[in-house]
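Below is one structure, written out as structure tokens; the observations come after it.
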Amino acid sequence: MDRIAVTRSDHVTTIVLDRPEVMNAIDPQMHAELEAAFDAYAAAPDQRVCVVTGAGDRAFCAGSDLKAAHGGGYSEKDYPAHGYAGLIERFDLAKPVIAAVNGLALGGGFELALACDLILAAPGASFGLPEPRVGAVALGGGIHRLARQIGQKQAMGLLLSSRRVSAEEGLRLGFVNEVAGSDGLSALVDRWVADILAGAPLALQATKEAMLRGLDEPSLAAAMQAQASYPAWQRWRGSEDGKEGVAAFVEKRPPVWRGR
């Protein structure tokens, strides 16, 4: 991996966008490397949480490398199988993904963050979809995810104005989960990761999938009727971890999750 750095430790995969000299902008090679990294995370039974962040302290990701695009280096046709950054169209990933936004998250960088399940931000982080100002459109899911996550009027305002918003405003709007305090972004990420890892892996996956797929059902009643047919839900039912959770509660001890 030349464009990203990937580490695994204690059930956590950390993916670092590693082009700080260009504010971690994404070029064709980074697209391919991100696709491979998310493929590996999805396939590894022992990896239960993924954290995505950017190298340096200036940017999480400034979006597409426009110099590479202008030079004819790539187009949308060259995106990997799961879309922009290997995540935007990865609709079957039931495991949680956290965006740890440590600076600018613009254009495709903001779309990458929006595709994650949680956004944790440093106080100086900022977000925006400025594509219209370079004659482009946020086609990497940003338009649709932003409207679903913060509502039509607020999303339309950000999209049409190309306005950049702070981490604190992102929290108020609802697309940021929490802004780091004096102990820093790493400590905030660690706290959220610890809270997630305290839950049973298959139960968490069933929860994520039921929520996201349920939002696409025509009604609440339809979502509740359909949830038992979802793949992650079926993996969870009758799982060893489900039995372990009950046993640990009765025996007044911490559960030992196996992910099966």
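The values are calculated or read from the model by the stated rules, or taken from the named source; none is laboratory data. Values in this document were obtained by computation on a predicted structure and should not be read as measured data. Reconstructed Cβ throughout: ideal geometry from the backbone, glycine too, with neighbour counts over all protein chains shown.
Summary table below
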item: Output for region 234-260, where each listed residue is assigned to a loop (DSSP other than H, G, I, E, B) and not small (Gly, Ala, Ser); result: Arg237, Glu251, Lys252, Arg253, Pro254, Pro255, Val256, Trp257, Arg258, Arg260
item: Output for region 115-135, where each listed residue is touching a helix residue (DSSP H, G or I) at 6+ places or on another chain (Cβ under 9 Å) and of a type in the set (A, V, I, L, M, F, W, C); result: Ala115, Leu118, Ile119, Leu120, Ala121, Ala122, Ala125, Phe127, Leu129, Val134
item: Residue match in region 175-190 (condition: surrounded by fewer than 16 Cβ atoms within 10 Å (Cβ to Cβ), in contact with a strand residue (DSSP E or B) (Cβ under 9 Å, 6 or more places away or on another chain), in a helix (DSSP H, G or I) and of a type outside the set (Asp, Glu)); result: yes
item: Residue tally, condition assigned to a helix (DSSP H, G or I) and surrounded by 15 or more Cβ atoms within 10 Å (Cβ to Cβ), over region 150-171; result: 9
item: Matching residues, region 1-16, being part of a loop (DSSP other than H, G, I, E, B) and more than 17 Å from the chain's Cα centre (by Cα); result: Met1, Asp2, Arg3, Asp10
item: Near pairs, Cβ below 6 angstrom, 6+ apart or cross-chain, from region 118-132 (under 20 Å from Ser182 (Cβ atoms) and touching a residue at least 40 places away in the same chain (Cβ under 8 Å)) to any residue that is polar (S, T, N, Q) and buried (at least 20 other Cβ atoms within 10 Å of the Cβ); result: Ala122/Asn102
item: Qualifying residue in region 203-215 (condition: surrounded by 16 or more Cβ atoms within 10 Å (Cβ to Cβ), within 24 Å of Phe110 (Cβ to Cβ), in the same structural domain as Arg58 (by TED's automatic domain parsing) and touching a residue at least 40 places away in the same chain (Cβ under 8 Å)); result: no
item: Single residue of Ala85, Ala99 found to be on the phi > 0 side of the Ramachandran plot, modelled with pLDDT of 95 or more and in contact with a helix residue (DSSP H, G or I) (Cβ under 7 Å, 6 or more places away or on another chain); result: Ala85
item: The one condition in (1) closer than 27 Å to Tyr79 by Cβ; (2) at pLDDT 95 or above; (3) basic (Lys, Arg) that Arg191 fails to fulfil; result: (1)
item: Some residue of region 17-36 being in contact (Cβ under 8 Å) with a residue 12 or more places away in the chain, of a type in the set (A, V, I, L, M, F, W, C), surrounded by 19 or more Cβ atoms within 10 Å (Cβ to Cβ) and assigned to a loop (DSSP other than H, G, I, E, B); result: yes
item: Qualifying residue in region 222-239 (condition: closer than 29 Å to Gly103 by Cβ and surrounded by 14 or more Cβ atoms within 10 Å (Cβ to Cβ)); result: no
item: Among the candidates Pro130, Pro80, residue that is in contact with a His (Cβ under 6 Å, 6 or more places away or on another chain) and either of a type outside the set (S, T, N, Q) or modelled with pLDDT of 95 or more (or both); result: Pro80
item: Per-region count, region 43-67, residues surrounded by fewer than 17 Cβ atoms within 10 Å (Cβ to Cβ) and either within 13 Å of the chain's Cα centre (by Cα) or of a type in the set (Asp, Glu) (or both); result: 2
